[in-house]
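Participant: Take a look at this one; I'll ask things after.
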Amino acid sequence: MSSKGNLNFWRGVIVALLLLGGVGWFLYSKWELNNKNLGETKRTYAEQTYAQTGIPVDRNVNATATAAKESEPDHKVVDTLNITFRAVGLNRVSSEADKDIVFNVLNEMKSSALFDGSQTRAGGEISPEVPLSEPPVRSEQGEPPGTFSFKIVAKLKRPLTL
(Lines give C-alpha, C1' and ligand atoms only; values in the text may rest on other atoms or scores of the structure.)
Protein backbone atom coordinates (compact mmCIF):
# COMPACT_ATOMS: atom_id res chain seq x y z
CA MET A 1 0.00 0.00 0.00
CA SER A 2 1.37 3.42 -0.89
CA SER A 3 1.80 6.21 1.61
CA LYS A 4 -1.07 8.13 -0.02
CA GLY A 5 -3.34 5.08 0.35
CA ASN A 6 -2.27 4.76 3.97
CA LEU A 7 -3.08 8.39 4.62
CA ASN A 8 -6.58 8.03 3.10
CA PHE A 9 -7.21 4.92 5.22
CA TRP A 10 -6.34 6.71 8.47
CA ARG A 11 -8.43 9.76 7.48
CA GLY A 12 -11.40 7.46 6.98
CA VAL A 13 -10.82 5.80 10.36
CA ILE A 14 -10.63 9.18 12.13
CA VAL A 15 -13.78 10.46 10.39
CA ALA A 16 -15.65 7.27 11.33
CA LEU A 17 -14.54 7.58 14.98
CA LEU A 18 -15.61 11.24 15.08
CA LEU A 19 -19.02 10.36 13.64
CA LEU A 20 -19.50 7.53 16.14
CA GLY A 21 -18.42 9.80 18.99
CA GLY A 22 -20.87 12.48 17.85
CA VAL A 23 -23.75 10.00 17.69
CA GLY A 24 -22.83 8.65 21.14
CA TRP A 25 -22.69 12.16 22.62
CA PHE A 26 -26.06 13.04 21.06
CA LEU A 27 -27.74 9.91 22.47
CA TYR A 28 -26.18 10.43 25.90
CA SER A 29 -27.32 14.06 26.03
CA LYS A 30 -30.93 12.99 25.29
CA TRP A 31 -30.88 10.21 27.91
CA GLU A 32 -32.14 12.40 30.75
CA LEU A 33 -34.86 13.89 28.56
CA ASN A 34 -35.96 10.38 27.59
CA ASN A 35 -36.20 9.29 31.25
CA LYS A 36 -38.18 12.44 32.09
CA ASN A 37 -40.66 11.77 29.26
CA LEU A 38 -40.99 8.12 30.26
CA GLY A 39 -41.79 9.08 33.86
CA GLU A 40 -44.45 11.56 32.70
CA THR A 41 -45.98 8.93 30.41
CA LYS A 42 -46.18 6.38 33.22
CA ARG A 43 -47.69 8.94 35.58
CA THR A 44 -50.29 10.02 33.00
CA TYR A 45 -51.20 6.37 32.28
CA ALA A 46 -51.56 5.64 36.00
CA GLU A 47 -53.77 8.70 36.51
CA GLN A 48 -55.99 7.80 33.55
CA THR A 49 -56.33 4.19 34.65
CA TYR A 50 -57.16 5.22 38.22
CA ALA A 51 -59.76 7.71 36.95
CA GLN A 52 -61.42 5.00 34.81
CA THR A 53 -61.28 2.01 37.16
CA GLY A 54 -60.66 3.41 40.61
CA ILE A 55 -57.79 0.95 41.05
CA PRO A 56 -54.33 2.39 41.61
CA VAL A 57 -51.81 1.09 39.06
CA ASP A 58 -48.51 1.59 40.84
CA ARG A 59 -49.12 -0.15 44.14
CA ASN A 60 -47.11 -2.57 46.21
CA VAL A 61 -48.08 -5.99 44.86
CA ASN A 62 -46.87 -7.86 47.95
CA ALA A 63 -48.90 -5.66 50.27
CA THR A 64 -52.00 -6.21 48.13
CA ALA A 65 -51.52 -9.98 48.12
CA THR A 66 -51.13 -10.00 51.90
CA ALA A 67 -54.24 -7.85 52.32
CA ALA A 68 -56.22 -10.17 50.04
CA LYS A 69 -55.22 -13.20 52.11
CA GLU A 70 -56.20 -11.47 55.33
CA SER A 71 -59.56 -10.30 53.99
CA GLU A 72 -60.49 -13.74 52.63
CA PRO A 73 -60.02 -16.20 55.50
CA ASP A 74 -62.44 -18.85 54.23
CA HIS A 75 -60.24 -20.40 51.51
CA LYS A 76 -60.30 -24.15 51.07
CA VAL A 77 -57.31 -26.44 50.82
CA VAL A 78 -57.93 -29.58 48.78
CA ASP A 79 -55.43 -32.39 49.30
CA THR A 80 -57.53 -35.41 48.30
CA LEU A 81 -59.42 -36.03 45.07
CA ASN A 82 -62.29 -38.51 44.72
CA ILE A 83 -62.21 -39.44 41.04
CA THR A 84 -64.87 -41.56 39.33
CA PHE A 85 -63.76 -43.26 36.12
CA ARG A 86 -65.99 -44.78 33.46
CA ALA A 87 -64.45 -47.20 30.99
CA VAL A 88 -65.46 -49.56 28.24
CA GLY A 89 -65.74 -53.00 29.74
CA LEU A 90 -63.72 -55.87 28.38
CA ASN A 91 -65.27 -58.74 30.35
CA ARG A 92 -66.38 -60.29 27.05
CA VAL A 93 -62.66 -60.76 26.27
CA SER A 94 -61.52 -61.89 29.71
CA SER A 95 -63.34 -62.28 33.03
CA GLU A 96 -60.64 -60.28 34.84
CA ALA A 97 -60.19 -57.54 32.19
CA ASP A 98 -62.14 -54.86 34.07
CA LYS A 99 -60.16 -55.49 37.25
CA ASP A 100 -56.94 -55.29 35.25
CA ILE A 101 -57.96 -51.88 33.90
CA VAL A 102 -58.65 -50.60 37.43
CA PHE A 103 -55.35 -52.02 38.68
CA ASN A 104 -53.39 -50.42 35.81
CA VAL A 105 -55.00 -46.99 36.29
CA LEU A 106 -54.35 -47.16 40.04
CA ASN A 107 -50.69 -48.12 39.50
CA GLU A 108 -50.17 -45.28 37.02
CA MET A 109 -51.61 -42.77 39.48
CA LYS A 110 -49.47 -44.14 42.32
CA SER A 111 -46.33 -43.79 40.20
CA SER A 112 -47.24 -40.25 39.11
CA ALA A 113 -45.28 -37.31 40.49
CA LEU A 114 -48.55 -35.53 41.31
CA PHE A 115 -49.99 -38.06 43.76
CA ASP A 116 -48.81 -39.59 47.02
CA GLY A 117 -48.59 -43.28 46.10
CA SER A 118 -48.84 -44.54 49.69
CA GLN A 119 -52.21 -42.86 50.24
CA THR A 120 -53.78 -43.28 46.78
CA ARG A 121 -56.21 -46.20 46.71
CA ALA A 122 -59.26 -47.64 44.98
CA GLY A 123 -62.33 -46.13 46.57
CA GLY A 124 -64.97 -48.82 46.29
CA GLU A 125 -66.39 -51.58 44.17
CA ILE A 126 -66.30 -51.87 40.41
CA SER A 127 -69.80 -51.33 39.07
CA PRO A 128 -71.26 -54.08 36.88
CA GLU A 129 -71.06 -53.54 33.14
CA VAL A 130 -73.99 -51.71 31.62
CA PRO A 131 -74.51 -52.55 27.91
CA LEU A 132 -74.26 -49.69 25.46
CA SER A 133 -77.42 -48.90 23.54
CA GLU A 134 -75.65 -46.82 20.89
CA PRO A 135 -74.53 -47.77 18.26
CA PRO A 136 -76.51 -50.91 17.45
CA VAL A 137 -74.40 -54.05 17.30
CA ARG A 138 -74.63 -56.54 14.46
CA SER A 139 -75.22 -60.11 15.49
CA GLU A 140 -71.93 -61.42 14.04
CA GLN A 141 -69.92 -59.19 16.41
CA GLY A 142 -71.07 -61.03 19.53
CA GLU A 143 -72.46 -59.37 22.63
CA PRO A 144 -72.36 -55.55 22.76
CA PRO A 145 -69.65 -53.84 24.80
CA GLY A 146 -70.61 -52.31 28.09
CA THR A 147 -69.24 -49.68 30.42
CA PHE A 148 -68.28 -49.89 34.04
CA SER A 149 -67.22 -47.31 36.59
CA PHE A 150 -64.84 -47.27 39.52
CA LYS A 151 -63.55 -44.74 42.03
CA ILE A 152 -60.04 -43.84 43.09
CA VAL A 153 -59.21 -41.68 46.09
CA ALA A 154 -55.98 -39.84 45.25
CA LYS A 155 -53.90 -37.89 47.75
CA LEU A 156 -52.11 -34.90 46.17
CA LYS A 157 -48.46 -34.26 46.94
CA ARG A 158 -49.03 -30.50 46.68
CA PRO A 159 -52.50 -29.47 47.92
CA LEU A 160 -54.64 -27.05 45.91
CA THR A 161 -55.90 -23.81 47.47
CA LEU A 162 -59.33 -22.74 46.26
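Participant: How do 145-152, 4-11 rank on mean C-beta neighbours within 10 Å, highest first?
Facilitator: Per-residue mean Cβ counts within 10 Å order the peptides as 145-152, 4-11.
Participant: Would you rank S112, S118, S29 by solvent-accessible area, highest first, keeping every protein chain in place and using a 1.4 Å probe?
Facilitator: Descending accessible area places them as S118, S29, S112.
Participant: What do you get for trypsin sites (Lys or Arg not before Pro) in the stretch 71-105 restricted to DSSP loop and a cutoff of at most 14 other Cβ within 10 Å of the site's Cβ?
Facilitator: K76, R92
Participant: If I model a spin label as a point 7 Å beyond the Cα along the Cα-Cβ vector, how far apart are those points for A87 and D100 in nm?
Facilitator: Simple spin-label model gives 1.0 nm for this pair.
Participant: Rank-order 126-132, 12-18 by packing density, defined as the average count of other C-beta atoms within 10 Å over each peptide's residues, highest first.
Facilitator: Ranked by mean Cβ neighbours within 10 Å, highest first: 126-132, 12-18.
Participant: With label points built 7 Å along Cα→Cβ from the Cα atoms of E32 and L18, find their separation and express it in nm.
Facilitator: Result: 2.7 nm between the two label points.
Participant: So for D79, D98, D74, what's the accessible-area order with a 1.4 Å probe, most first?
Facilitator: D74, D79, D98
The values are calculated or read from the model by the stated rules, or taken from the named source; none is laboratory data. All of these numbers come straight from a predicted model, not from anything done at the bench. Please note: Cβ atoms are built from the backbone with ideal geometry, for glycine as well, and neighbour counts cover all protein chains shown. Just the protein is used for accessible areas: all its heavy atoms, side chains included, with ligands, DNA and RNA removed. Shrake-Rupley method; radii C 1.70, N 1.55, O 1.52, S 1.80 Å.
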